[in-house]
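Here the structure comes first, spelled out in C-alpha cells, and everything after it is commentary.
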Amino acid sequence: MLHSMTGYGRAETNFNEKTILIEVKSLNGKQFDLRLNIPSLLKSYEIEIRNKLNECLFRGSVECSISVKSNGVSKPVSINTALAKSYYLPIVELANELGIAQENILSTLLKLPDVVSSTSEIITDEEWNAIFKTLQLAIDQLTNHRIEEGKSIEKDLLERVAAIEAQQASIAVHEPNRRVKIKEGLVKLLDQHVGADKYDNNRLEQELIYYIEKIDISEEKVRLTNHCNYFKDVLKEKDPSKGKKLSFILQEMGREINTTGSKANDIEIQKAVILMKDELEKAKEQILNVL
C-alpha cells in the first residue's frame, strides 16, 4: 500500500468551555519539514506536538495550525487590591487639595498601572489530553487522505511497470533477427570492400561471435525483470514510507534500459527502449509524490 505525501486533516473539539481547532496539511518534500503555528499557552508542549507529527507523518512539507479559544464572553482578570489601596490615599489627598470631586475615583484607580491585569490562562492536564486527542484525529484524517491519494498513484505506477515489461517482451521478439541482420551487414561490407573470395569465413564467424557477445543484452533483460518484480513486491509491503526505496529501484531499472539501448544496434529495439524510457520518466515523476 502506498501513501501519498499530499494530504489534509481537520479536527475540532469542545472541552471545558474551550473550542480546540487543529488543521494539518502536507505537501511533497525530501525530508520532514514542519511549520507549526500554536498559541502561547501551548509553548511548553511544542516539542511533544512536533514529535507526534514527525512520528506519524514521516516525510513531507507539513503545516500544522492549532487554536484554543475560550467560549466565555471575557477573559478572567485579577485586581491587585493592595496596590489599589496604596494609590487611594494619595489620590484622595490630592483631590481634596485641588478641590476636585471624588465620584470617579474608582475608575481612576482601575486605570493605574498593574492594578488590573489579565489572569494567565493555564492548560490543565485534562485540556491537554483533549488537545492531544484532537491532534491525533486531524493526523488520522490526513493519513486517510494520503492513503486514498496513494491508491491512484500505485495504480499508475503498476501501469508504467507493465508497459516497460511489455516493451521488454517486444525486444525479445526482435532480438533473434538482430543477430541475422548484423551478420548480413558485415558480410555485405566485406563483399563490397574486400571481395567474397578474399576473406576467411572461419575468421569471420569468430569475429562475429565476439562482436555479438559484446552487444548481448541477456543479462540486462534478466536484471530488468528482477528489478520490475522487486518494485512490485515493495509496493505490497506494509511500510507506509517507501518512496525513497522505490526511487532507487527505478534508478536501477534505468541503468538496464540505457545499457540495452547502447547495445541495441537495431531500430526496432531502439524504439522499444525509447518507449521504456518514457514510461520510466513518468514513473519517476509519480514517485516524487510517494511518502
### Query
Do you know which of the residues in segment 1-19 that are surrounded by 15 or more Cβ atoms within 10 Å (Cβ to Cβ) and of a type in the set (A, V, I, L, M) is farthest from Gln286 (Cα to Cα)?
Ala11
### Query
Are any residues in segment 1-20 touching a helix residue (DSSP H, G or I) at 6+ places or on another chain (Cβ under 8 Å) and either charged (D, E, K, R) or more than 26 Å from Asp239 (Cα to Cα) (or both), and if so, which ones?
Arg10, Glu12, Thr13, Phe15, Asn16, Lys18, Ile20
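Each row is one residue, and each column tells you yes or no for (1) within 28 Å of the chain's Cα centre (by Cα); (2) outside the structural domain of Ala138 (by TED's automatic domain parsing).
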site: Thr19; (1), (2): no, no
site: Glu23; (1), (2): yes, no
site: Cys64; (1), (2): yes, no
site: Ala84; (1), (2): no, yes
### Query
Quick check: anything in segment 39-59 in a strand (DSSP E or B) and touching a residue at least 24 places away in the same chain (Cβ under 8 Å)?
no
### Message
Which count do you get for residues in segment 64-100 that are at pLDDT below 75 and either among the aromatic types (Phe, Trp, Tyr) or more than 30 Å from Lys25 (Cα to Cα) (or both)?
### Response
6
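So which of Asp239, Asp233 is under 30 Å from Leu57 (Cα atoms), in a helix (DSSP H, G or I) and out of contact with any helix residue (DSSP H, G or I) (no Cβ under 7 Å at 6 or more places or on another chain)?
So the residue among Asp239, Asp233 that is under 30 Å from Leu57 (Cα atoms), in a helix (DSSP H, G or I) and out of contact with any helix residue (DSSP H, G or I) (no Cβ under 7 Å at 6 or more places or on another chain) is Asp233.
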### Query
Which of the residues that make up segment 26-38 are surrounded by 13 or more Cβ atoms within 10 Å (Cβ to Cβ) and either of a type outside the set (Asp, Glu) or touching a residue at least 60 places away in the same chain (Cβ under 8 Å) (or both)?
Ser26, Leu27, Asn28, Gly29, Phe32, Leu34, Leu36, Ile38
### Query
Taking segment 46-67 as the region of interest, how many residues are crowded, with 17+ Cβ neighbours inside 10 Å and more than 25 Å from Leu288 (Cβ to Cβ)?
2
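The values are calculated or read from the model by the stated rules, or taken from the named source; none is laboratory data. Because the structure is predicted, anything quoted here is derived from the model rather than measured. Neighbour counts are summed over all protein chains in view; Cβ atoms, including those assigned to glycine, are modelled from backbone coordinates with ideal geometry.
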